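Peer 1: This structure is in structure tokens; I'll ask about it shortly.
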Amino acid sequence: MTNSINELIDSDVIFITGSNTTESHPVIGAKIRQAKKKGAKIIVAEPRKIDMVEDADVFLQITPGTNIALYNGIMSCIISEGLEAAEYIKERTENYDALVATVADFTPEVAAEICGIDAEDIKTAARMYAEGAKGAIVYCMGVTQHSSGTEGVMSLANLALLCGNIGIESGGINPLRGQNNVQGACDMGGLPGTYPGYQKVTEPAVKEKFEKAWGVELSDKVGLTLTEIVGKAGHGEIKVLYIMGENPMVSDPDLAHVEEALKNTEFLVVQDIFLTETAQLADVVLPAATFAEKNGTFSNTERRVQMVRKAIEPVGQCKPDWEILMDLLNKLGIEKTYASPEEIFTEISSVTPSYGGITYGRLEELGGLQWPCPTADHAGTKFLHSGKCARGLGLFKPAVFKPSAEVPCADFPLVMTTGRVLYHYHTRTMTGKVDGLNAMCPESFVEINPDAARKLSIVEGDKVRVSTRRGQVVVTAKVTPKLKENVIFMPFHFAVGAANTLTNPVLDPIAKIPEYKSCAAKLEKVAWDWSEETDQIK
Amino acid sequence: MSMLNVTVDGQATQVAAGSAILDAANQLGIEIPTLCYLDMEKKFNQQAAACRICVVEVENRRNLAPACATPVMEGMIIKTDTERVHTARKIVVDLMLSDHPLDCLTCEQAGSCVLQDLCYQYGLEQTTFAGQRNDYPEDATNKFYSRNLNKCVACRRCVTVCSNFQNTKAIGFGDRGFNTHPVAPFDRGMDESTCVSCGNCVSVCPTGALLPKSKEKFRSWEISKTETTCSYCGVGCQMNLLTKGNKVVGVEPLNGAANDGLLCVKGKFGFNFINHPDRLTTPLVRKDGQLVEATWDEAYSLIADKVKATKAEFGSEALAGLSSARVTNEENYLFQKMVRAAFGTNSVDHCARL
């Protein structure tokens with residue numbers, strides 16, 4: 001997030017897009033509702049009528065995969081009505097003319113046609129966002145998990161710049177990160193192109209710094225991304241794959257392909273807290289400690305580094321992940337030992353400028369610090385780009401709308417989208433072990449619009465077969481007016497009736513993110529299997 | 001910000017305009033008991049001031065003032081420790097006790113119950129107002145917590161947190177007078193309400209009226225508390241893990257920078273995976289197609305040998321690692337260090353995109 005969570009409470013207008021906030025980030029959802037209470041206007045652009053819509057002043061129920069069309073339509077309206085922040089654009093941005101040229105043809109009417117909504121609603125949303133003095137954009141995977149995901153984000157950045165909302169309190173563009181430490185994993189260089197602190201592996205000075213710090217020679221070649229790694233593992237090009245705390249057997253697109261790839265991997269190491277679907281395929285499984293059994297830090301979605309503290313001893317022979325990794329590093333010839341996570345953090349601060357001023361002592365004292373925090377006397381950064389953008393001038397990067405890689409056709413007439421539910425977390429490794437959560441949401445399902453259901457003779461609770469070009473699954477139907485007639489929704493948490501058996505593995509060319517949020521699908525009712533499922537008949 | 005001069009129990013201090021009497025007393029280290037007061041209610045004009053436990057004497061004011069909801073005024077002289085204050089507080093507790101079961105011996109909340117503490121403080125063994133009592137059936141329809149309204153003292157904390165902070169608005173107050181009690185729509189079970197089981201009402205309940213459905217039996221004094229960060233989504237809520245022995249038995253929210261005392265259903269109730277019997281407890285290695293138990297040394301050697309041999313035969317590009325968005329910064333750092341420095345490749349990634 002460019003800004004902090006609590007700044008949202010004082011925003012004048014909050015534009016939520018591609019985020020089912022109250023289910024995926026419930027406490028931020030509560031904060032947005034507090035903002036609404038204080039008078040903020042709420043705009044929601046989502047394919048589903050999510051809970052947050054109840055609080056929305058404008059709801060844009062767009063077809064999955066049409067984000068950029070919507071954002072361009074909004075910007076076109078803002079520019080044509082002269083609502084842009086002209087002063088701000090002149091002083092703090094560049095390449096504005098290119099944006100004007102790109103969105104000129106994209107009138108709200110054109111956008112409305114593509115998105116399947118009313119042009120008047122686009123205009124209302126545009127005016128509302130432009131007229132709020134402090135406008136925050138909140139987005140999540142509904143924007144990024146598309147073959148044009150990166151451009152979707154750029155497009156939102158364009159919108160924020162256009163209205164002077166970057167670098168101000170209670171404004172900004174605010175991606176909500178889905179996992180406790182996904183921010184930290186990125187910050188710490190768990191990415192093929194960057195060392196900790198987003199320092200590029202291709203930069204000779206950076207490479208030299210890390211070679212000196214670690215005492216080894218390092219590669220200056222950008223590595224492979226997750227989706228590429230899995231692909232190459234399947235072809236035998238990757239012979240050793242080490243997976244820590246991940247479950248690609250449920251989380252990755254096109255699962256049949258993933259299973260084949262992991263089975264084909266010559267040597268697979270999995271380090272986790274349970275014998276996950278992925279661990280079952282491993283050659284070596286290492287038992288790790290949970291967050292309750294170790295010390296360390298997580299970095300949250302607003303860049304705040306906070307302490308994780310050990311409450312109990314690791315169960316059985318489990319070890320904290322850092323101990324396991326240190327042991328292996330030592331066995332592989334990297335001699336350095338660490339007596340505690342604090343010693344590792346000291347090394348992190350010494351090589352990561354944005355974490356340079358953060359220490360355990362300060363975290364204990366202050367409760368947390370938001371990076372960038374370069375020096376020991378720096379108070380941390382509440383919101384980014386204050387005064388001017390980090391790169392100098394804010395760069396408009398106009399994006400042209402492109403349809404999803406797969407659009408509905410005669411064989412697959414529906415658009416399928418995926419997401420989370422309140423009661424589960426990612427692949428259910430943790431939530432699947434909690435009785436109450438399982439009782440609230442015991443199994444996979446597909447949401448379908450009542451009219452669409454009627455035409456297919458489907459009623460609530462029916463078993464239905466969902467198929468795409470990748471495969472098919474049989475799940476329970478939930479009939480709900482939350483969706484438009486041509487759209488279906490599946491949660492991605494479940495290994496049985498897995499949505500990712502169906503999803504399209506096509507990638508965004510820049511971020512290499514799969515297009516989870518939109519693919520073409522077909523729905524059919526299946527007959528009851530009376531012999532096996534009699535206990536389930538209502 | 002303008003500062004106001006006040007005197008509490010003879011001690012003079014200055015507080016910011018807009019502060020409540022309670023803030024002034026806290027600043028001086030003078031304890032005023034509270035029950036309905038919610039820390040998260042930063043604006044005193046939203047305080048329910050429902051329980052009247054925090055009443056104090058204010059010079060030149062006719063009636064007693066609730067300290068939590070009375071704004072400080074210039075020159076105010078406040079007395080918190082007078083006969084009149086004590087009598088008033090004692091009657092308030094006595095009235096609460098008149099409609100509250102005396103089952104502290106078995107009540108899960110014993111030891112962390114505000115009503116119990118107040119009875120102890122004011123020396124009340126039982127109520128002096130014998131007579132009618134409410135008799136509500138227990139509502140156990142929610143999967144994560146149960147409601148026993150016979151233990152409710154109508155402090156409104158649950159309704160306040162649900163309506164003003166969580167903003168789910170699943171509950172309100174029903175009936176009037178002696179029968180006033182928190183209700184789900186149409187006074188039916190919680191399962192028929194819009195409740196999202198965030199448990200924030202449970203966390204703020206001062207008595208045993210709202211209790212988590214726990215698998216473990218424990219007394220509050222057997223519990224250790226550890227401040228930590230939630231391990232679910234990226235909001236970074238701060239919370240206490242409650243542990244008994246080597247088991248996590250509960251979670252309570254803290255006033256973290258991101259969550260301000262709130263949690264969601266997963267953070268509050270989703271902790272049973274930690275001590276789950278299905279946890280991996282020993283390294284496993286594949287022998288003859290089966291995963292079998294092994295020692296750490298065996299597992300480490302197997303991995304180290306394989307990594308070295310593969311690197312020697314096929315080069316570093318034949319190795320890769322997937323790090324984790326669930327583990328700590330320190331662990332992510334070591335993981336990418338292992339892949340980069342020991343495997344010799346930059347092919348390290350994690351599920352940020354998934």
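Just so you know, all these numbers are worked out from the coordinates, no wet-lab data involved. All figures in this text were calculated on a predicted structure; none of them were measured in a lab. Quick reminder, even Gly has a Cβ in these numbers, built from the backbone with ideal geometry, and neighbours come from all protein chains shown.
Peer 1: Please arrange A:His378, A:His426, A:His25, A:His235 by how many other C-beta atoms lie within 10 Å of their C-beta, fewest to most. Write out the running numbers ahead of the final one.
Peer 2: Working: A:His378 15, A:His426 22, A:His25 26, A:His235 9.
Going from sparsest to densest Cβ surroundings: A:His235, A:His378, A:His426, A:His25.
Peer 1: Whose amide H sits under 5 Å from the amide H of A:Phe15, counting only residues 5 or more places off or on another chain, with H placed in the peptide plane?
Peer 2: A:Ile43, A:Ala136, A:Ile137, A:Val138
Peer 1: For the protein assembly as shown, what is the calculated [θ] at 222 nm in deg cm²/dmol (nearest 500), taking -39500 (n - 2.57) for each run of four or more DSSP H residues and dividing by its residue count? The partial results should precede the final answer.
Peer 2: Numbers: 28 runs with 242 residues, N = 892.
About -7500 deg cm²/dmol.
Peer 1: Just need the relative contact order of chain A here, percent rounded to a whole number, with Cα pairs under 8 Å and 6+ apart. Please list the in-between numbers first.
Peer 2: Working: 1109 pairs, mean separation 89.0, N = 538.
Answer for chain A is 17 percent.
Peer 1: Apply the a/c threshold of 1.5 to the C-alpha gyration tensor of segment B:284-353 and tell me whether it is rounded, prolate or oblate. If you can, show how the numbers build up before the last one.
Peer 2: Details: a/c = 1.96, a/b = 1.27, b/c = 1.54.
Oblate is the answer for segment B:284-353, as a/c is 1.5 or above yet b/c matches or exceeds a/b.
Peer 1: For Cα pairs less than 8 Å apart in space and 6+ apart in sequence, what is the mean separation divided by the residue count of segment A:182-370, i.e. the relative contact order in percent?
Peer 2: On the way: 273 pairs, mean separation 30.0, N = 189.
Over segment A:182-370, the number comes to 16 percent.
Peer 1: Can you give me the Kirkwood hydrodynamic radius for segment A:38-107, using every pair of distinct Cα atoms, in Å to one decimal? Don't skip to the end; give the middle numbers.
Peer 2: Details: mean 1/r = 0.0718 Å⁻¹.
By the Kirkwood definition, the hydrodynamic radius is 13.9 Å.
Peer 1: Label-point separation (nm) for B:Glu222 and A:Asn486, each offset 7 Å from Cα along Cα-to-Cβ?
Peer 2: The answer from the label model is 6.1 nm.
Peer 1: With θ set to phi - 60° and the Karplus curve 6.51 cos²θ - 1.76 cosθ + 1.60, what are the ³J(HN,Hα) couplings of segment A:186-200 in order, to the nearest whole Hz, using x for Gly and Pro?
Peer 2: Per residue, the Karplus-derived 3J(HN,Hα) values read 5, 4, 8, x, x, 9, x, x, 9, 6, x, x, 6, 8, 5 Hz.
Peer 1: If we count every other residue with Cβ under 10 angstrom of A:Glu266's Cβ, Lys/Arg +1 and Asp/Glu -1, where does the sum land? Write down the numbers at each step before the final one.
Peer 2: Numbers: positive: A:Lys239, B:Lys306; negative: A:Asp283.
In short, +1.
Peer 1: Taking the Cα atoms of segment B:1-142, what is the range of coordinates along each of the three principal axes, in descending order and whole Å?
Peer 2: 51, 37, 25
Peer 1: Between A:Val506 and residues 5 or more places away or on another chain, which pairs have amide H atoms under 5 Å apart, with H built 1.01 Å from N, and which residues are they?
Peer 2: Under 5 Å from the amide H of A:Val506: A:Glu515.
Peer 1: For peptide A:427-436, how many partner chain Cβ atoms fall within 10 Å of a residue's Cβ, on average? Before the final figure, lay out the partial values.
Peer 2: On the way: counts 2, 1, 2, 10, 6, 3, 10, 10, 6, 11.
If you average over the peptide's residues, the count of other-chain Cβ atoms is 6.
Peer 1: How high is the relative contact order of chain B? Use alpha-carbon pairs under 8 Å, at least six apart in sequence, and give a whole percent. Mind dumping the intermediate values first?
Peer 2: Details: 593 pairs, mean separation 35.3, N = 354.
The value is 10 percent.
Peer 1: Still on this structure: Quick one: grab the alpha carbon gyration tensor of segment A:305-401, order the square roots of its eigenvalues as a ≥ b ≥ c, and give me rounded if a/c is under 1.5, else prolate or oblate depending on whether a/b is larger than b/c. If you can, show how the numbers build up before the last one.
Peer 2: Working: a/c = 2.26, a/b = 1.81, b/c = 1.25.
In terms of gyration-tensor shape, prolate.
Peer 1: Angle, helix B:296-314 long axis vs. longest principal axis of chain B, Cα atoms, 0 to 90°, nearest 10?
Peer 2: Relative to chain B, helix B:296-314 is tipped by roughly 50 degrees.
Peer 1: What list of ³J(HN,Hα) values in whole Hz, one per residue of segment A:97-109 in order, does the Karplus curve 6.51 cos²θ - 1.76 cosθ + 1.60 (θ = phi - 60°) give from phi, with Gly and Pro shown as x?
Peer 2: Residue by residue, segment A:97-109 yields 4, 4, 5, 4, 5, 5, 8, 3, 6, 8, 5, x, 5 Hz.
Peer 1: Quick one: the Cα spread of segment A:153-242 along its three principal axes, in angstroms, biggest first?
Peer 2: Cα spread of segment A:153-242 along its principal axes, largest to smallest: 49, 35, 24 Å.
Peer 1: Can I ask one more? Give me the one-decimal Kirkwood hydrodynamic radius in Å for segment B:3-81, with the sum taken over alpha-carbon pairs.
Peer 2: Value: 12.3 Å, from the Cα pair sum.
Peer 1: Going by average Cβ neighbours within 10 Å, how do the peptides A:193-204, A:400-411 rank, with the highest at the top? Kindly include the intermediate steps, with their values, before the conclusion.
Peer 2: On the way: A:193-204: 17.4, A:400-411: 15.2.
In descending order of packing, they fall as A:193-204, A:400-411.
Peer 1: I need the fraction of alpha carbon pairs in chain B separated by more than 38 Å, rounded to a whole percent. Provide the component values of the computation, followed by the final result.
Peer 2: Working: 22482 of 62481 pairs.
Of the Cα pairs, 36 percent sit more than 38 Å apart.
Peer 1: Would you kindly derive the ³J(HN,Hα) couplings of segment A:149-159 from the backbone phi angles with the Karplus curve 6.51 cos²θ - 1.76 cosθ + 1.60 (θ = phi - 60°), listing them in order in whole Hz, with x for Gly and Pro?
Peer 2: Along segment A:149-159, the couplings run x, 4, 5, x, 5, 4, 4, 5, 5, 4, 4 Hz.
Peer 1: When we measure straight from the Cα of A:Lys212, which aspartates and glutamates land under 19 angstrom away, once same-chain ones fewer than 8 places off are left out?
Peer 2: The qualifying aspartates and glutamates are A:Glu203, A:Asp220, A:Glu335, A:Glu343, A:Glu347.
Peer 1: Also, quick follow-up: So what is the orientation-averaged projected area of segment B:215-311, using the convex hull of its C-alpha atoms, in nm²?
Peer 2: Working: hull surface 39.6 nm².
So the Cα hull casts an average projection of 9.9 nm².
Peer 1: Something else about it: Can you tell me the orientation of helix B:83-97 relative to chain B, as the angle in degrees between its alpha-carbon axis and the longest Cα principal axis, to the nearest 10?
Peer 2: The angle comes out near 60 degrees.
Peer 1: Under unit Cβ charges (Lys, Arg +1; Asp, Glu -1), what dipole magnitude, rounded to 20 debye, does the protein assembly as shown have relative to its Cα centre?
Peer 2: Numbers: 90 positive and 109 negative charges, 149 e Å.
Dipole magnitude for the protein assembly as shown comes out near 720 debye.
Peer 1: Within 10 Å of each Cβ in peptide B:163-169, how many partner chain Cβ atoms are there on average? Round it to a whole number, please. Intermediate results must be reported in sequence, preceding the final value.
Peer 2: Details: counts 1, 4, 6, 7, 11, 6, 2.
If you average over the peptide's residues, the count of other-chain Cβ atoms is 5.
Peer 1: Using only Cα atoms, figure out Rg for segment A:5-176 and give it as a multiple of 2.2 N^0.38 Å. If you can, show how the numbers build up before the last one.
Peer 2: Details: Rg = 14.5 Å, N = 172, 2.2 N^0.38 = 15.6 Å.
Cα Rg divided by the expected 2.2 N^0.38 Å: 0.93.
Peer 1: Can you give the Kirkwood hydrodynamic radius for segment A:416-498, in Å, rounded to one decimal and based on Cα pairs?
Peer 2: Values: mean 1/r = 0.0756 Å⁻¹.
One over the average 1/r among Cα pairs gives 13.2 Å for segment A:416-498.
Peer 1: Taking every eigenvalue of the Cα gyration tensor of the protein assembly as shown, multiplying by 5 and rooting it, what semi-axes result, largest first, whole Å? Present the calculation step by step, with values, prior to reporting the outcome.
Peer 2: Working: eigenvalues 410, 221, 191 Å².
They are 45, 33, 31 Å, listed largest first.
Peer 1: Number of Lys pairs in segment A:5-176 with C-alpha atoms less than 15 angstrom apart, excluding same-chain neighbours closer than eight positions? Provide the component values of the computation, followed by the final result.
Peer 2: Values: A:Lys31/A:Lys41; A:Lys36/A:Lys134; A:Lys38/A:Lys134; A:Lys41/A:Lys123; A:Lys41/A:Lys134.
Counting lysine pairs in segment A:5-176 gives 5.
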